[in-house]
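Structure record follows, encoded as structure tokens.
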Ligand code: GTQ
């Protein structure tokens, strides 16, 4: 007996009728969607986008006149990606926001499963308390609020303090891992010495012998600007990345891993006139210009930046950085979702 081939007997309208009847069973024909589901490469819905400090700073200060930190709980302008309308997202996995705290204010204690990081953009004399440890925050400091840690912010400053918040909210939302809890009081007790984690874990290569932290995040919760800036400044040209210049990661001092389970953070310096090579990768990132004037080409479009500007780099976009000054360094802070992508073997990189 020959095997049956039946396609000659099938009428196109029979197929159409069949397909249109499928939705009532909540099923669909994979054969019509295979190429859409399994693209050769990532296709991000997020768009490259740059938020300008000179536009956002006045808006943030205006929020300071209209809404108190007590009312707002967190007085933040969220950086919303124009390609991800309706979502609280700066890239498809990462969220960035600009937070303002004014002299004497307190942003009440709460905790949540999303991890948070802060990079201080303006001012000094603010603080964050994380699980009983108060940390001072000044320009350029990088501070962690790992997931499910109680945290409140306050200010003993004489002027506004502004920082970039980075959280994994879009990722946690997709994975339906969001939990949130307010603290019973506005502020929590300060049960540890000021900047305690810096004293215990903040001297590179020197760790306490009587305890070995085993959490999924860095036990060092604050990385001071002076140390990080000096570290990128002192790298020799031989120690540079072709695609990123003099770049260092804020790591967990115990194991050299990322400072948070879901997000890796970096400081990079571009020498006067330096142009990096073009590459793309399957991690998305948020960048903050800290010093200098530069340009990042993303998919061949120029995003020119100055201090305080923030830009989103979606997945798999070709990009290269350039320092536009002939005399001054340019410095970028950034964070990305590499720990997650690496954990699942989804991290890839290409150079052009
Ligand atoms: O400081 O705890 O930008 O909970 C968004 C959510 C900041 C914070 C944000 C938050 C915080």
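The values are calculated or read from the model by the stated rules, or taken from the named source; none is laboratory data. Bear in mind the structure is a predicted one, so any value in this text is a computation, not a measurement. Using ideal geometry, Cβ is built from the backbone for each residue, glycine included, and neighbour counts are taken over all protein chains shown.
If you check residue 167 against the conditions, is it in contact (Cβ under 8 Å) with a residue 40 or more places away in the chain, surrounded by 21 or more Cβ atoms within 10 Å (Cβ to Cβ), more than 9 Å from the ligand (Cβ to nearest atom) and closer than 25 Å to residue 52 by Cα?
Working: in contact (Cβ under 8 Å) with a residue 40 or more places away in the chain: yes; surrounded by 21 or more Cβ atoms within 10 Å (Cβ to Cβ): yes; more than 9 Å from the ligand (Cβ to nearest atom): no; closer than 25 Å to residue 52 by Cα: yes.
The answer is no for residue 167.
Scanning for something under 27 Å from residue 153 (Cβ atoms), within 24 Å of the chain's Cα centre (by Cα) and at pLDDT 95 or above, does region 208-218 turn up at least one residue?
yes
Kindly indicate whether residue 173 is more than 11 Å from the ligand (Cβ to nearest atom), farther than 24 Å from residue 231 by Cβ and surrounded by 24 or more Cβ atoms within 10 Å (Cβ to Cβ).
Details: more than 11 Å from the ligand (Cβ to nearest atom): yes; farther than 24 Å from residue 231 by Cβ: yes; surrounded by 24 or more Cβ atoms within 10 Å (Cβ to Cβ): no.
So residue 173 fails the test.
Which ones in region 70-79 are within 12 Å of the ligand (Cβ to nearest atom) and surrounded by fewer than 23 Cβ atoms within 10 Å (Cβ to Cβ)?
Looking only at region 70-79, we keep the residues that are within 12 Å of the ligand (Cβ to nearest atom), and these are 72-79.
Within region 70-79, 72, 73, 74, 76, 77, 78 meet the criteria.
Would a scan of region 219-232 turn up a residue that is assigned to a loop (DSSP other than H, G, I, E, B), farther than 25 Å from residue 103 by Cβ and touching a helix residue (DSSP H, G or I) at 6+ places or on another chain (Cβ under 8 Å)? Before the answer, list the steps.
Filtering region 219-232 down to residues assigned to a loop (DSSP other than H, G, I, E, B) leaves 219-221, 224.
Subsequent filtering for residues that are farther than 25 Å from residue 103 by Cβ retains 219-220.
With touching a helix residue (DSSP H, G or I) at 6+ places or on another chain (Cβ under 8 Å) added as a condition, the list becomes 219-220.
Yes; the residues of region 219-232 include at least one that is assigned to a loop (DSSP other than H, G, I, E, B), farther than 25 Å from residue 103 by Cβ and touching a helix residue (DSSP H, G or I) at 6+ places or on another chain (Cβ under 8 Å).
Looking at residue 154, is it under 24 Å from residue 62 (Cβ atoms) and out of contact with any strand residue (DSSP E or B) (no Cβ under 6 Å at 6 or more places or on another chain)?
On the way: under 24 Å from residue 62 (Cβ atoms): yes; out of contact with any strand residue (DSSP E or B) (no Cβ under 6 Å at 6 or more places or on another chain): no.
So residue 154 fails the test.
From the list 199, 233, 246, 228, pick out the single residue that is at pLDDT 95 or above, within 22 Å of the chain's Cα centre (by Cα) and more than 17 Å from residue 119 (Cβ to Cβ).
Exactly one residue qualifies, and that residue is 246.
Anything in region 147-156 that is more than 12 Å from the ligand (Cβ to nearest atom) and either surrounded by 23 or more Cβ atoms within 10 Å (Cβ to Cβ) or touching a residue at least 60 places away in the same chain (Cβ under 8 Å) (or both)? List them, or say none.
Of everything in region 147-156, just one residue is more than 12 Å from the ligand (Cβ to nearest atom) and either surrounded by 23 or more Cβ atoms within 10 Å (Cβ to Cβ) or touching a residue at least 60 places away in the same chain (Cβ under 8 Å) (or both), namely 155.
Taking region 81-100 as the region of interest, how many residues are surrounded by fewer than 20 Cβ atoms within 10 Å (Cβ to Cβ) and within 11 Å of the ligand (Cβ to nearest atom)?
1
Mind checking whether some residue in region 178-201 is in contact with a helix residue (DSSP H, G or I) (Cβ under 6 Å, 6 or more places away or on another chain) and without any contact (Cβ under 8 Å) to a residue 40 or more places away in the chain?
Within region 178-201, the first condition is being in contact with a helix residue (DSSP H, G or I) (Cβ under 6 Å, 6 or more places away or on another chain), and the residues that meet it are 178.
Those still in the list that are without any contact (Cβ under 8 Å) to a residue 40 or more places away in the chain too: none.
Looking through region 178-201, none of the residues is in contact with a helix residue (DSSP H, G or I) (Cβ under 6 Å, 6 or more places away or on another chain) and without any contact (Cβ under 8 Å) to a residue 40 or more places away in the chain.
Of the conditions (1) within 18 Å of residue 168 (Cβ to Cβ); (2) in contact (Cβ under 8 Å) with a residue 24 or more places away in the chain; (3) part of a loop (DSSP other than H, G, I, E, B), residue 82 satisfies every one except a single condition; which number is it?
(1)
Among the residues of region 31-65, write down those that are surrounded by 10 or more Cβ atoms within 10 Å (Cβ to Cβ) and either more than 24 Å from residue 90 (Cα to Cα) or in contact with a helix residue (DSSP H, G or I) (Cβ under 7 Å, 6 or more places away or on another chain) (or both).
Of everything in region 31-65, just one residue is surrounded by 10 or more Cβ atoms within 10 Å (Cβ to Cβ) and either more than 24 Å from residue 90 (Cα to Cα) or in contact with a helix residue (DSSP H, G or I) (Cβ under 7 Å, 6 or more places away or on another chain) (or both), namely 33.
Do you know which of the residues in region 101-131 that are closer than 18 Å to residue 57 by Cα and within 11 Å of the ligand (Cβ to nearest atom) is farthest from the chain's Cα centre (by Cα)?
First pass over region 101-131, keeping only residues closer than 18 Å to residue 57 by Cα: 101-103, 118-124, 126.
Imposing the further condition that a residue be within 11 Å of the ligand (Cβ to nearest atom) reduces the set to 101, 118.
Working: 101: 20, 118: 9 Å.
If we take residues in region 101-131 being closer than 18 Å to residue 57 by Cα and within 11 Å of the ligand (Cβ to nearest atom), then 101 is farthest from the chain's Cα centre (by Cα).
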